[in-house]
Amino acid sequence: MQTGPVPIKSYIAWPLPGKAAELQSQLLQIPGCQVLPAENRELLLLITDTPTEPAEKLLAAQLEALPHIQCLSLVAGITEEEAA
Amino acid sequence: MNRREMLIRMAGAAAITAATELVPGVSFAAPATTDSINGLTWKKAPCRFCGTGCGLLIGISNNRAVAVKGDPASAVNKGLCCVKGYHSVLALYGADRLKTALIRKNGKLVPAPINEALDLVASKLKENIAQHGKDSVAIYGSGQWTIPDGYCASKLFKGAIGTNNVEGNARLCMASAVTGFMTTFGLDEPMGCYEDIENADVFILWGNNMAEMHPVLFSRMLERRQQSPGTLVVDLATRTTRTSMAADRSILFLPQTDLAIANAIAYELIRNNWLHSTFLQRHVSFHAGKTNIGYGLEDKFAFTDEPRTIDFAAYKKALEDYKPEKVEKLSGVPAREIRYLAGLYGDPKKRVVSFWCMGMNQHTRGTWIQNLVYNIHLLTGKIATPGNSPFSLTGQPSACGTVREVGTLTNRLPHGEVTDPHSREMAAKIWGVPVSNIAPKPTLHTVEMFRALDRGDLKFIWIQVTNPMVTMPKLKRYRDGLKKENRFVVVSDVYPTPTTDIADVVLPSAMWIEREGMFGNSERRTQHWEKMVDPPGEAMSDTWQLIEVARRMGHGKLFAYKPETHIKEIWEEYRQFHHGPAHEMASYDELRQRPGIMWPFVNGKETRWRYNPKHDPAAKPGDTHHFYGKPDQKAWIWFRPYEPPPEMPDKDYPFWLNTGRVVEHWHTGSMTRRIPVLHQAMPNAYVELHPNDAKRFNIKNGDSVRLTSRRGTILLPALIDRRGRPPEGQVFVPFFDESKLINELTLDAFCPISKQPDYKKCAVKVEKAL
């Protein structure tokens, strides 16, 4: 996997009521997104990994355009440099 | 797994932790990547940080720790971790890790070969002992010492050198818990275990912000509430925290008045006859001790309690002073809330766990408040059965295992007190030293040890795995003391700290999984881990540093352990101290195989509830309980009054100051501040104010605030309603930030029985800094 300067980020994604499955499906179609759904709640964890700033901006725009997100809370952002 | 993948896992872990705290009971399937990572070797270890003792699995690749996951086989955390645990391996790899020894030459610390540094440490020890006597030298360790570290320190200083100048920083965090157990039960450490959580109906948290300090146990408790509707969590505290927000009821009391509240609950239990009469008749005796016992503010303060037996009628009469309406005026807690608490404890159908940690321990009447909470459980018979448990939580990963069980306190030996001839004889026999080597009197507890350095009574101190130049109260006196001429300070650590800054010799330590070791957690569980990666440079385990110095001092026969097997040899030697059904420890081989074992461990069986004959091999069968720690074979109910703290807000210093931790950082932050995600999440200390106080001073979030006590002054950014909320007239400051040393302001008053300082109460004034 290619390393890059953009932080790997993790978010808590709160779907609109009843829309968790749709939101998960949409997120998984966006390059650089991994999704971890809660087993017992309508809640998703989103982990993003983009190689460049332009890719990161594109991702942000795609996330903003998703119709089933109620709230997206940033939890962590880690760069290789910081973790070294 | 490459480094990028590891970071993805860590970011995911941080999100899981945050979600778990935000949404009680939420669960996630293991990430698909977790078990599909090729090329990693997974090995078990207890977490490096708090006293919960979570089991971790560490992923190793090419002599480097690259991944962490919770150990699903661990009975403690069942696969869950908190944010510190998930990031724990990053603490190994900070850029400024100490890799070589440092020796102060011409006023500056300069790198030196470790053998030269160890030679110097040994020669300085010998020189000071020859010139000033054996009590001129001391060692100050930690509840983060591994069990073999603490054992070797005790054996070297108490057995070989012959001084009781051995202390651990657990004196600052757990000493009141110890004296609470000893005065009530005659034996240290909890009778219950974490399984109490899954059996309780009510949780009363006494000054215990579990959501931030013990997040995994907090999650377990909230999971219990979700699984068992009707389960109640009551937060009884001096400040509104994340714990309060998740609790079913939040009750705020004024600092120090927990003593009066506990007595008022006992008063109500008796008034309503919510007592377990049979239990009281068979298993309890009543006692009282000295009152107006002082605060230890003066050097060489001495106190000895004088217990006397009283009867139930005398105890009941003494409680007449604690009617709820009267206590309401003192504590600020409405009488109806006190009756509500008494009703929960007194309901025979409800199983009740009381949890506490530093709120009750760091208290000038720390021993007393422990006694008073035990009283409530003893009056109702709610003790030592599943779900009925007064439970003192531990702050550090081996405060129990190393400081309390090994006995790295001035008054203790690995078995018993130094004042007890039988305990000295046992130590002399196992250590192979003349019994006359072991001094029969305690010498210096921690505060007095640093006072002795300031006075010049003590000339040499070796500090391992702790950072007292951040953590000592009334810090300036003790920092100035250590910097005086003719003091020799040795510090073993993994990173530069304010304590290494003032050292004459710095020894680089191997950290956690860079060496083999054992920790003992809050529920009497001993956990072993093996060495998984090499330490950097010349870094060496604290155990082996002690062995090397002992050999250089001529004590080689006592420390003839082999490098490849020394931890096994030390463990098997140490566990001889605990032979018998009351404290039998598992063998080294058993500890290696299992993710932790609770003592007493007899015939292959752990003991989950002590003093309960159904579970405890040391308890006599034939009754529901057997409290075998005291000579009268009973648990002791103590009458202990409310007494005020030594310093309270007044005209000049009108605010209470409370100090503590935050979820992101471990203690003084020397490890967690080097983990980028944790450092970024909480980069600096702050002062929390009530919004009304902030408005009164025209202080907004982020404004610089000057706090001043009679001992010092400090500037901090304001934080209003972002994390916790103190009541009006109170402020809170965390202590993790070495650039903002809140202990410049705190007071070195301590509990006269436990000698543990009170970091939760002193008086300050608040000003907006211009």
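Confirm whether residue A:30 is away from every other protein chain (no Cβ under 14 Å), among the β-branched types (Val, Ile, Thr) and farther than 27 Å from residue B:82 by Cα.
Numbers: away from every other protein chain (no Cβ under 14 Å): yes; among the β-branched types (Val, Ile, Thr): yes; farther than 27 Å from residue B:82 by Cα: yes.
Yes.
Check A:75, A:35 and return the single one that is closer than 22 Å to residue B:4 by Cβ, outside any helix (DSSP H, G or I) and at the interface with chain B (Cβ under 8 Å from one of its Cβ atoms).
Numbers: A:35 fails: at the interface with chain B (Cβ under 8 Å from one of its Cβ atoms).
The conditions single out A:75.
Working carefully through the options B:317, B:349, find the one that is outside any helix (DSSP H, G or I) and surrounded by fewer than 20 Cβ atoms within 10 Å (Cβ to Cβ). Can you show your working first?
On the way: B:317 fails: outside any helix (DSSP H, G or I).
Answer to the selection: B:349.
Consider only pairs whose beta carbons are under 6 Å apart and that are at least six residues apart or on different chains; among these, list those whose first residue lies in the stretch B:2-16 and is more than 7 Å from chain A (Cβ to nearest Cβ) and closer than 14 Å to residue B:62 by Cβ and whose second residue is open to solvent by 10 Å² or more (accessible area, probe 1.4 Å) and modelled with pLDDT of 75 or more.
Qualifying pairs under 6 Å: B:6/B:66.
For the stretch B:641-676, how many residues meet the condition of being of a type in the set (Lys, Arg) and open to solvent by less than 40 Å² (accessible area, probe 1.4 Å)? Break it down stepwise before answering.
Kept after step one, since they are of a type in the set (Lys, Arg), are these residues of the stretch B:641-676: B:651, B:661, B:673-674.
In the following step, the residues that additionally are open to solvent by less than 40 Å² (accessible area, probe 1.4 Å) were identified as B:661.
Residues that pass the stated criteria total 1.
Going by what's in this entry, would residue B:738 be described as over 24 Å from the mean Cα position of the chain (by Cα), part of a loop (DSSP other than H, G, I, E, B) and surrounded by fewer than 23 Cβ atoms within 10 Å (Cβ to Cβ)?
no
Could you go through the stretch B:547-556 and let me know if any residue there is out of contact with any Lys or Arg (no Cβ under 7 Å at 6 or more places or on another chain), on the phi < 0 side of the Ramachandran plot, open to solvent by less than 50 Å² (accessible area, probe 1.4 Å) and without any contact (Cβ under 8 Å) to a residue 12 or more places away in the chain.
yes
Please name all residue pairs, on different chains or six or more residues apart, with Cβ atoms under 9 Å, provided the first residue is in the stretch A:4-26 and is acidic (Asp, Glu) and the second residue is outside any loop (DSSP other than H, G, I, E, B).
Within 9 Å, the pairs are A:22/A:15.
Could you give every pair whose Cβ atoms fall below 6 Å, whose first residue belongs to the stretch B:111-122 and is under 10 Å from residue B:545 (Cα atoms), and whose second residue is outside any helix (DSSP H, G or I) and open to solvent by 70 Å² or more (accessible area, probe 1.4 Å), counting only separations of at least 6 or pairs across chains?
So the pair list comes out as B:114/B:538.
With the requirement that a residue be closer than 23 Å to residue B:556 by Cα and in contact (Cβ under 8 Å) with a residue 40 or more places away in the chain, what does the stretch B:403-435 give you?
Filtering the stretch B:403-435 down to residues closer than 23 Å to residue B:556 by Cα leaves B:406-408, B:413-414, B:424-435.
Across the stretch B:403-435, the qualifying residues are B:406, B:407, B:408, B:413, B:414, B:426, B:427, B:428, B:430, B:431, B:432, B:433.
Looking for something open to solvent by 20 Å² or more (accessible area, probe 1.4 Å), within 14 Å of chain A (Cβ to nearest Cβ), part of a helix (DSSP H, G or I) and of a type in the set (Lys, Arg) - is there at least one such residue anywhere in the stretch B:689-712?
Among the residues of the stretch B:689-712, not one is open to solvent by 20 Å² or more (accessible area, probe 1.4 Å), within 14 Å of chain A (Cβ to nearest Cβ), part of a helix (DSSP H, G or I) and of a type in the set (Lys, Arg), which makes the answer no.
Select, from B:31, B:72, the only residue that is at the interface with chain A (Cβ under 10 Å from one of its Cβ atoms) and either at pLDDT 95 or above or open to solvent by 10 Å² or more (accessible area, probe 1.4 Å) (or both). Let's see the steps before the verdict.
On the way: B:72 fails: at the interface with chain A (Cβ under 10 Å from one of its Cβ atoms).
Only one candidate qualifies: B:31.
Checking residue B:325 against (1) surrounded by fewer than 24 Cβ atoms within 10 Å (Cβ to Cβ); (2) not in a helix (DSSP H, G or I), which single condition isn't satisfied?
Single failed check for residue B:325: (2).
All but one of (1) more than 26 Å from residue B:769 (Cα to Cα); (2) within 14 Å of chain A (Cβ to nearest Cβ); (3) open to solvent by 20 Å² or more (accessible area, probe 1.4 Å) hold for residue B:679; state the number of the condition that does not hold.
(1)
Residues that are open to solvent by less than 10 Å² (accessible area, probe 1.4 Å) and without any contact (Cβ under 8 Å) to a residue 40 or more places away in the chain: does the stretch B:630-640 have at least one? Give the derivation first.
We begin by selecting, within the stretch B:630-640, every residue open to solvent by less than 10 Å² (accessible area, probe 1.4 Å); these are B:635, B:637-638, B:640.
Of the ones still in play, those that are also without any contact (Cβ under 8 Å) to a residue 40 or more places away in the chain are none.
Checked against the condition, which is being open to solvent by less than 10 Å² (accessible area, probe 1.4 Å) and without any contact (Cβ under 8 Å) to a residue 40 or more places away in the chain, the stretch B:630-640 yields no hits at all.
Does residue B:758 fit the bill of being under 27 Å from the mean Cα position of the chain (by Cα), acidic (Asp, Glu) and closer than 15 Å to residue B:658 by Cβ? Explain how you work it out, then say what you get.
Details: under 27 Å from the mean Cα position of the chain (by Cα): yes; acidic (Asp, Glu): yes; closer than 15 Å to residue B:658 by Cβ: yes.
When the stated conditions are applied, residue B:758 passes them.
On the basis of being away from every other protein chain (no Cβ under 14 Å) and of a type in the set (D, E, K, R), does residue B:664 make the cut? Step through it out loud before you land on a result.
Working: away from every other protein chain (no Cβ under 14 Å): no; of a type in the set (D, E, K, R): yes.
No.
Can you list the helices (runs of 4 or more DSSP H) lying wholly within the stretch B:458-537 that have 2 or more residues being open to solvent by less than 10 Å² (accessible area, probe 1.4 Å) and touching a strand residue (DSSP E or B) at 6+ places or on another chain (Cβ under 7 Å)? Talk me through it step by step, then tell me what you get.
Working: elements: B:468-471, B:475-482, B:498-501.
Of the helices (runs of 4 or more DSSP H) lying wholly inside the stretch B:458-537, those with at least 2 residues that are open to solvent by less than 10 Å² (accessible area, probe 1.4 Å) and touching a strand residue (DSSP E or B) at 6+ places or on another chain (Cβ under 7 Å) span B:498-501.
Of the numbered conditions (1) touching a Phe, Trp or Tyr at 6+ places or on another chain (Cβ under 6 Å); (2) facing chain B (nearest Cβ under 7 Å), residue A:46 satisfies every one except a single condition; which is it?
The single condition residue A:46 does not satisfy is (2).
Cβ-Cβ below 6 Å, separation at least six or inter-chain, first residue in the stretch B:457-479 and within 22 Å of residue B:762 (Cα to Cα) and at pLDDT 95 or above, second among the aromatic types (Phe, Trp, Tyr) and surrounded by fewer than 24 Cβ atoms within 10 Å (Cβ to Cβ): which pairs?
Listed by first residue and then by second, the contacts come to B:472/B:478.
Would the stretch B:221-230 turn up any residue that is touching a strand residue (DSSP E or B) at 6+ places or on another chain (Cβ under 7 Å), more than 28 Å from residue B:626 (Cβ to Cβ) and open to solvent by 10 Å² or more (accessible area, probe 1.4 Å)? Reasoning before the result, please.
Residues of the stretch B:221-230 that are touching a strand residue (DSSP E or B) at 6+ places or on another chain (Cβ under 7 Å), as a first pass: B:221, B:225.
Now narrow it down to the ones that are more than 28 Å from residue B:626 (Cβ to Cβ): B:221, B:225.
Now narrow it down to the ones that are open to solvent by 10 Å² or more (accessible area, probe 1.4 Å): B:225.
Looking for residues that are touching a strand residue (DSSP E or B) at 6+ places or on another chain (Cβ under 7 Å), more than 28 Å from residue B:626 (Cβ to Cβ) and open to solvent by 10 Å² or more (accessible area, probe 1.4 Å), one finds at least one in the stretch B:221-230, hence yes.
I'm trying to understand the selection: among the residues of the stretch B:655-688, which are among the aromatic types (Phe, Trp, Tyr) and part of a loop (DSSP other than H, G, I, E, B)? Don't jump to the end; show me each part of the working.
The initial filter retains those residues of the stretch B:655-688 that are among the aromatic types (Phe, Trp, Tyr), namely B:655-656, B:666, B:686.
Answer for the stretch B:655-688, where residues must be among the aromatic types (Phe, Trp, Tyr) and part of a loop (DSSP other than H, G, I, E, B): B:666, B:686.
Within the stretch B:585-605, how many residues are open to solvent by 30 Å² or more (accessible area, probe 1.4 Å) and without any contact (Cβ under 8 Å) to a residue 24 or more places away in the chain?
Of the residues in the stretch B:585-605, the ones open to solvent by 30 Å² or more (accessible area, probe 1.4 Å) are B:589-590, B:592-595, B:602-605.
Checking which are without any contact (Cβ under 8 Å) to a residue 24 or more places away in the chain leaves us with B:589-590, B:593-594, B:602-605.
So the count comes out to 8.
Restricting the search to the stretch B:75-110, which residues are exposed (fewer than 15 other Cβ atoms within 10 Å of the Cβ) and away from chain A (no Cβ under 14 Å)?
Answer for the stretch B:75-110, where residues must be exposed (fewer than 15 other Cβ atoms within 10 Å of the Cβ) and away from chain A (no Cβ under 14 Å): B:99, B:105, B:106, B:107, B:108, B:110.
Would you confirm whether or not the stretch B:588-610 contains a residue that is within 27 Å of residue B:367 (Cβ to Cβ), assigned to a loop (DSSP other than H, G, I, E, B) and more than 25 Å from the chain's Cα centre (by Cα)?
No, the stretch B:588-610 contains no residue that is within 27 Å of residue B:367 (Cβ to Cβ), assigned to a loop (DSSP other than H, G, I, E, B) and more than 25 Å from the chain's Cα centre (by Cα).
If you take the residues of the stretch B:713-728 that are in a loop (DSSP other than H, G, I, E, B) and open to solvent by 20 Å² or more (accessible area, probe 1.4 Å), which of them is farthest from residue B:682 (Cα to Cα)?
If we filter the stretch B:713-728 for residues that are in a loop (DSSP other than H, G, I, E, B), which is where we start, we get B:720-724, B:726-728.
Those left that are additionally open to solvent by 20 Å² or more (accessible area, probe 1.4 Å): B:720-723, B:727-728.
Working: B:720: 15, B:721: 15, B:722: 12, B:723: 11, B:727: 23, B:728: 24 Å.
Restricting to residues being in a loop (DSSP other than H, G, I, E, B) and open to solvent by 20 Å² or more (accessible area, probe 1.4 Å), the top hit is B:728.
Among the numbered criteria (1) among the basic types (Lys, Arg); (2) surrounded by fewer than 24 Cβ atoms within 10 Å (Cβ to Cβ); (3) in contact (Cβ under 8 Å) with a residue 24 or more places away in the chain, which single criterion is violated by residue B:382?
(2)
The values are calculated or read from the model by the stated rules, or taken from the named source; none is laboratory data. Small disclaimer: the values here were computed from a predicted structure and weren't measured. Here Cβ is always computed from backbone atoms with ideal geometry, including for glycine, and neighbour counts include all displayed protein chains. Accessible surface is based on the protein model in full, side chains and every heavy atom, while ligands, DNA and RNA are left aside. Shrake-Rupley method; radii C 1.70, N 1.55, O 1.52, S 1.80 Å.
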